[in-house]
Structure formats: C-alpha cells, structure tokens
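No lab work stands behind these numbers, since they all come straight from the coordinates. The structure displayed is predicted, hence computed values, not measured ones. Backbone-built Cβ (ideal geometry, glycine too); neighbour counts: all protein chains shown.
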Ligand SMILES: [Zn+2]
C-alpha cells in the first residue's frame with residue numbers, strides 16, 4: 001500500500017524526513033514506533049532525539065552511568081528494528097525536565113542539524129483520561145519542542161549562539177502530538193504492529209517484567225485507536241496535527 005493510503009488526515013503533505021523527540025527511552029516505542037516503521041518502509045527518513053537517557057529509573061542498585069549505558073543500547077536496538085540508525089542524546093536529567101530556555105536551545109540545535117519537515121513529540125497537555133502518559137517529563141518535553149518548532153528553530157534572533165555554531169534557522173512545517181486528545185492524523189500500522197512490539201521488547205531493563213502481557217496490551221490499545229479512528233484498519237496510532245507554516 002502507498003503511504004498516502006496508510007496516513008489518514010486532511011493534510012495533503014506527507015513527510016520526507018521526520019524527527020521524533022521524546023523524554024525517555026521506550027517512549028517512542030510505545031507511542032509512535034508503528035508509524036516510524038511505516039515511514040521507513042516507504043522511504044521516509046526518521047531520526048530520533050531523546051531528552052534524557054532514562055538514567056533515574058529502576059533498578060535502584062545501578063548507577064545513573066550504568067543505567068544510561070543500558071538504556072541507550074536498548075533504544076539503539078529498538079530503533080534498528082524499525083529502520084532508524086541516527087539518535088541524538090541530549091543528556092538532560094531524567095525526572096527533572098523543565099521547559100526552559102536551555103532545553104529549547106538544545107532542541108532548536110537538533111532541529112537545525114536534522115532539518116526535518118515533520119516533528120513528532122508528546123502533547124504538552126495533560127490528558128486526564130490517560131494520566132500515565134502525562135508524566136511531567138513528557139509535558140515539559142512537549143512544551144519545549146513546540147516552542148523550538150515555533151518560533152525558536154526558524155528565528156535567527158533566537159539563540160544567536162546557534163548561528164555562531166553554524167546552525168542556520170530551519171522552519172518545520174508540521175508537528176504531530178502524541179498521547180493527547182482530538183487526534184486528526186491516524187496511521188494504519190496493521191503491517192508494522194509486530195515490529196512495534198519487537199521494538200518495545202528490546203527495552204529489557206524496563207519491560208522484561210511485563211514482557212508476556214505487553215504484546216496483547218499493545219494490540220488492544222492499537223485496536224481501540226483503530227475503532228476510534230473509524231478508518232477500517234486493524235491497528236492505528238493517532239496524533240494531533242499542528243500546521244506551523
Ligand atoms: Zn516516558
């Protein structure tokens with residue numbers, strides 16, 4: 001199937017290069033890995049940027065440096081499953097992300113380096129029906145990424161030091177928000193859902209404890225999203241489209 005038949009929205013513009021920006025390792029694989037696999041299957045280049053390396057997670061007996069190494073290796077393996085090899089690690093503190101100017105500058109830098117025509121990130125709005133998706137790090141990341149997409153990355157007066165580093169302004173025309181409400185883009189991931197599950201299972205340090213239940217959980221969520229979308233697909237990932245041009 002052509003990509004235009006798999007991405008259901010009222011937007012006539014499909015991406016050629018997407019940058020997915022999230023707070024933690026495995027956020028991409030829960031939220032968007034089926035779409036990533038669909039994109040890479042159809043020649044759309046996808047790059048990841050992670051604000052933290054998940055270094056404040058469990059188990060408690062590992063140091064942050066050990067957790068960083070493990071989580072980065074797991075995310076790298078998961079990325080490979082869905083056709084992604086370029087990952088930018090921004091190195092902010094796990095559990096303590098703030099949507100401040102320092103983060104907006106780091107995000108603007110990575111946007112100017114990657115030059116995507118689509119950015120996908122967390123919604124900055126708390127969804128009261130899905131409180132687990134509304135981790136404070138996710139909300140802060142969503143807010144800072146939105147500010148970096150509009151106006152920071154495209155504005156030559158924002159962070160003049162980036163210009164001095166050689167990073168010219170770049171305007172991203174589309175932003176897709178995940179885990180929010182009022183989704184307006186529905187991607188048919190029926191052909192990629194098994195790879196999404198395989199990608200999630202690469203996060204051994206986070207998911208081995210629920211590895212048996214996870215595949216059915218993902219299938220159930222994706223089927224619910226498909227039913228909500230009403231596009232006749234078996235499995236769907238949904239996003240809210242924001243036009244920024
Ligand atoms: Zn997360």
Cα→Cβ-extended label distance, 7 Å offset, between residue 234 and residue 100, nm: 4.8
The chain: relative contact order from alpha carbon pairs under 8 Å, six or more residues apart, as a whole percent, is 25
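Taking a quarter of the surface of the convex hull around the Cα atoms of region 3-243, what do you get in nm²? Mind showing how you got there, number by number?
Details: hull surface 49.0 nm².
Answer in nm², one decimal: 12.2.
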Scaled to the compact-protein estimate 2.2 N^0.38 Å, what is the alpha-carbon radius of gyration of region 130-232, rounded to two decimal places? 1.43
Looking at the chain, send over the antiparallel percent of its DSSP beta bridges, to the nearest 5. 40
If you average 1/r over every pair of different alpha-carbon atoms in region 1-77 and take one over that average, what Kirkwood value in Å do you get? 14.1
